[in-house]
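The values are calculated or read from the model by the stated rules, or taken from the named source; none is laboratory data. These numbers were taken from a predicted model, which means no experiment stands behind them. Note: ideal-geometry Cβ built from the backbone for every residue, glycine included; neighbour counts use all protein chains shown. Remember, those area values only see protein heavy atoms, side chains included, never the ligands or the DNA or RNA. Shrake-Rupley method; radii C 1.70, N 1.55, O 1.52, S 1.80 Å.
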Amino acid sequence: ELSSGINAEYGGCIGNDSFGDKMKSCMQAEGIRTNYLVDPTHPTGVCAVLLTGKNRSLVTKLDAANHYKTDHLEQAWDLVDDASFYYIAGFFLTVSPDSMVKVGDHAVEQDKCFAMNLSAPFLSQFFKDAMQRVIPYCDIIFSNEDEARAFSKDFGLGSDDLGVIAQKVAAMPKNNKKRSRMVIFTQGAEPTVVFHDGKVHYFDVIPISAENIVDTNGAGDAFAGGFMSQYCQGKELKECMATGMKAANMIIQVSGCTLPGSQ
């Protein structure tokens, strides 16, 4: 449960092992409702973070995470039905785009918010068909600058300018006509680009000296989480951006993705 009293819920596929137990205990400690598909034939997915100076690369071994089934989503549909906002990582396009479409259809029918993160440049190249299925459901799209430019290339948008790309992504076909699409591109220390209500906006990040950066792992996810925490409460764009920026600024000053409870 978030500090505002808003309930957060999380789903996915894990193995019947210690890493799966860790996933459960971490979520329980944060008051987050979960309904995992537990796959006894595959171990819980893991990710190795490789740091080069203060920058990171990720090496994943998806295992159980790559075996989520739509029928489990149907069995856990109360989690979907109870929610008013949905945030799904683009990585799920490699696993179960049918599940994403099913949630998207519900979001459109009930006029609920559906958000997605483009997550990685390879997705728009190698999973373009799945991405084309899901993009029309997206009310909010998050991305970093590399993912945005890869998307522009793979979808033939014809520009490397982030403001232009954001505008063109916002104009792509959309199923829920009641909501305009917001597009948000982070770019490290450079201003974040947002297309919202027919305009391109630029938001400066919180200044930080190089010596205070421990590593950049989790910065994009922290930003998206901070943003959504305020958006779900109906806050204005400026407040959503400020909280996203604060969360990203905090996460790059610690090792890994865990903040002290007081923060």
**OP:** For every other residue with a beta carbon closer than 11 angstrom to the beta carbon of Q167, add +1 if it is Lys or Arg and -1 if Asp or Glu, then tell me the sum.
**Re:** +2
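Would you mind classifying the range 68-126 by shape? Square roots of the alpha carbon gyration tensor eigenvalues, ordered a ≥ b ≥ c; an a/c under 1.5 is rounded, otherwise it is prolate if a/b is larger than b/c and oblate if not.
The shape class here is oblate.
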Subject >> Antiparallel DSSP beta bridges within the range 1-60, percent to nearest 5 >> reply: 45 percent
**OP:** Can you bin the range 149-251 into rounded, prolate or oblate? Criterion: square roots of the alpha carbon gyration tensor eigenvalues sorted a ≥ b ≥ c, rounded for a/c under 1.5, prolate for a/b above b/c, oblate for the rest.
**Re:** oblate
Original post:
Of all DSSP beta bridges in the chain, what percent run antiparallel (nearest 5)?
Top reply: 45 percent
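Tell me the net charge near C13. Cut-off is 10 Å between Cβ atoms, C13 excluded, with +1 for each Lys or Arg and -1 for each Asp or Glu.
Charge balance near C13 sits at -1.
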Original post:
Which of N144, N117, Y202 sits farthest toward the positive end of the charge dipole of the range 117-216, with +1 on the Cβ of Lys and Arg and -1 on the Cβ of Asp and Glu?
Top reply: N117
Subject >> Per residue value of the accessible surface for the range 137-263 (all protein chains in place, 1.4 Å probe), Å² >> reply: 49 Å²
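Pairs K112/K177; K153/K178; K153/K238; K199/K238; K112/K178: which are spaced more than 18 Å apart, C-alpha to C-alpha?
K153/K178; K153/K238
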**OP:** Just grab the label-to-label distance for E9 and S25, each label 7 Å out from Cα along the Cβ direction, in nm (one decimal).
**Re:** 2.6 nm
Original post:
Just one of (1) 36, 25, 18; (2) 26, 24, 19; (3) 29, 21, 18 is semi-axes √(5λ) of the Cα gyration tensor in Å calculated from these coordinates, so which is it?
Top reply: (2)
